[in-house]
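Any read-out appearing in this document is the output of simple, stated calculations on the displayed coordinates, not a laboratory observation. Since this is a predicted model, take the numbers as computed values, not measurements. Please note: Cβ atoms are built from the backbone with ideal geometry, for glycine as well, and neighbour counts cover all protein chains shown.
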Amino acid sequence: MTDVLKIAVEAIGQDTLRVILGLIGVLILVVINALMLTWAERKVAGHMQRRIAAKEVGPFGLIQPIADSLKLLGKELITPMKVDRVLYFLAPVICFIPVLVSFVVIPFGEGLQVRDINVGILVILAFSSLSVLSIFIAGWGSNNKYSLIGAARSVAQNIAYEVPLLLSLLIVVIMVGSLSLKDIVEAQKGMWFILYQPIAFLIYFIAGVAETNRTPFDLPEAESELVAGFHTEYSGMRFAIFFLAEYTNIMIISAVATTFFLGGYLGPYLPGIVWFLIKTYFLVFVILWFRWTFPRVRFDQLLNFSWKILIPVSFINLIVTGGILKL
Amino acid sequence: MDTIADFYPVLVFAIVAVIFTIAPVVISYLIAPRTKGKKTYVTYECGIEPFGGAWIRYSILYYIYALIFIAFDVDVLYLFPVATAYTKKGNTYEFYTLLVFILLLGLALVYAWGKGVFNWKRKDQ
């Protein structure tokens, strides 16, 4: 095995090999993560409502997501007559780009990172702004009233929660003095940043849940009032791609929270990647848990909660942190 | 490391993302059945005939939030280079600069609050 690696390194260079292997690993991770999360979502929901949830296909229903995705692959691709065809086809493609690009800079373990870009977190933030664009394109291109209302709500949510998200990450950046995710993890060798900055962690997590359109901030796809929101007109495989992106987004939000506040891959005894996955999936579980705990917020509550509470608190937090660093 | 070497993985990942989303749709297009019902391709509207199109003008009440957001987002982005250059201990000048910048931003928030941007009135009142 090591001989094969050595020959490959000599043939195409270490950096290229790292990108290729990283890409394969990330694609496998994305697919398995989405399959497992659809299963986990149903299991968590089921047990919280004292039901059993999926159990027929395979042990504990573990094969169920694969059966579901094969079924979706065989479904007819319906493109309604009145849609804007270019935008309608483009939306699922755009929604997946930010999701995959974010994995370039996330450190899964010591050295297990595709590339340590020195402006790592800016890459994630810049690309994640694209996802709201894809939602709006999907909503507008569908020429459906539910889709359009869902898309307009999604934009509102994004403009309310991006500022607190940026500010809470900024607080960690100001403590470390670097935008590279690896440096941020290494700076937490002594103490996790959640202990220094519990408020920033809380604000980041709330804003992150809002950015992924999960309950209690699921207004863009509120199924009880908007059918399915922005993806009402999407069916079959295109619908599956939206879901793949959504579940991967949940994981990315949790992975960034782990990297910034929970010490990333640092931990005793076990290898780094195991610690990273334990912390990340604990946060993912919390997000799934939210869905069956909190009711959906109203639209004005959604906007005002961010502008009246999260942003002022973030500002005060930033000033206090800046002051303490100078002491 | 130069910039191109740093960012080509980003480009590679973006291209693969495009392929990764188009491929399953193509496979599905090849194997999925096609029906041709009378109403198969009609826009969905809870089972009734669609009542007009969706491309209409309607009031977006939160547009003032959007205007404040633009100002805030750009200003917060200015803080990222500040955060990387911020030194620990000593040099309190940096802290006062940061303080003035954030107070000015906070003033914008206070102004919007005072103007009643964050109050939602009922339409019928």
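Structure values in brief
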item	result
Residue-averaged beta-carbon neighbours from other chains (10 angstrom radius) around A:72-79	5
Cβ-based net charge around A:Gln64, under 15 Å, with every Lys or Arg adding one and every Asp or Glu removing one	+2
Alpha-carbon centroid distance for the pair segment A:266-327 / segment B:77-98, whole angstrom	24 Å
Over segment A:140-204: Rg over Rh, Cα atoms, Kirkwood Rh	1.23
By average C-beta atoms within 10 angstrom, highest first, the peptides A:215-223, A:94-102	A:94-102, A:215-223
Relative packing of peptides A:157-166, A:31-40 - highest average C-beta neighbours within 10 Å first	A:157-166, A:31-40
Estimated dipole of segment A:78-326 in Debye, rounded to 20 [Cβ of Lys and Arg +1, of Asp and Glu -1, Cα centre]	140 debye
Net charge of neighbours whose Cβ lies under 12 Å from the Cβ of B:Ala108, counting Lys and Arg as +1 and Asp and Glu as -1	0
Overall form of segment B:60-114 per C-alpha gyration tensor (a/c, 1.5; a/b vs b/c)	oblate
Charge dipole (debye, nearest 20) of the protein assembly as shown; +1 at Cβ of Lys and Arg, -1 at Cβ of Asp and Glu	1200 debye
Cα-centred dipole magnitude for chain B, charges only on beta-carbon of K, R (+1) and D, E (-1), debye, nearest 20	660 debye
Cα gyration tensor, chain B - rounded (a/c under 1.5), prolate or oblate	oblate
Shielding by partners, peptide A:123-134 (average Cβ within 10 angstrom, other chains)	1
Listed peptides B:80-93, A:253-266 by packing density, highest first (mean Cβ within 10 Å)	A:253-266, B:80-93
Relative pair counts by distance (%), Cα atoms of segment A:37-194, 5 Å bins	2, 8, 11, 12, 12, 14, 16, 14, 8, 3, 1, 0
Whole-Å distance, taken between Cα centres, linking segment B:1-59 and segment A:53-83	17 Å
At 1.002 mPa s and 20 °C, Stokes D of segment A:42-84 from Kirkwood alpha-carbon radius, µm² per second	171 µm²/s
Too-long pairs where the Cα-Cα distance tops 25 Å, listed order kept, from A:Lys279/A:Lys326; A:Lys43/B:Lys39; A:Lys182/A:Lys279; A:Lys71/A:Lys279; A:Lys189/A:Lys308; A:Lys82/B:Lys121	A:Lys279/A:Lys326; A:Lys43/B:Lys39; A:Lys71/A:Lys279; A:Lys189/A:Lys308; A:Lys82/B:Lys121
Listed residue (A:Ala187, A:Ile203, A:Thr232) projecting farthest to the positive dipole end of segment A:78-326, Cβ model	A:Ile203
Estimated FRET transfer efficiency (B:Lys88, A:Asp183; beta-carbon r; R0 22 Å; 0.05)	0.95
Cα coordinate range in chain A, projected on the principal axes (Å, largest first)	60, 58, 44
10 Å Cβ neighbours from other chains, averaged over peptide A:211-221	0
Extreme residue, positive dipole direction of chain B, given options B:Thr84, B:Leu107, B:Val12 (C-beta unit charges)	B:Leu107
Chain A, relative contact order [Cα under 8 Å, separation at least 6], %	22 percent
Over 17 Å [Cα-Cα, segment A:184-327], rounded percent	68 percent
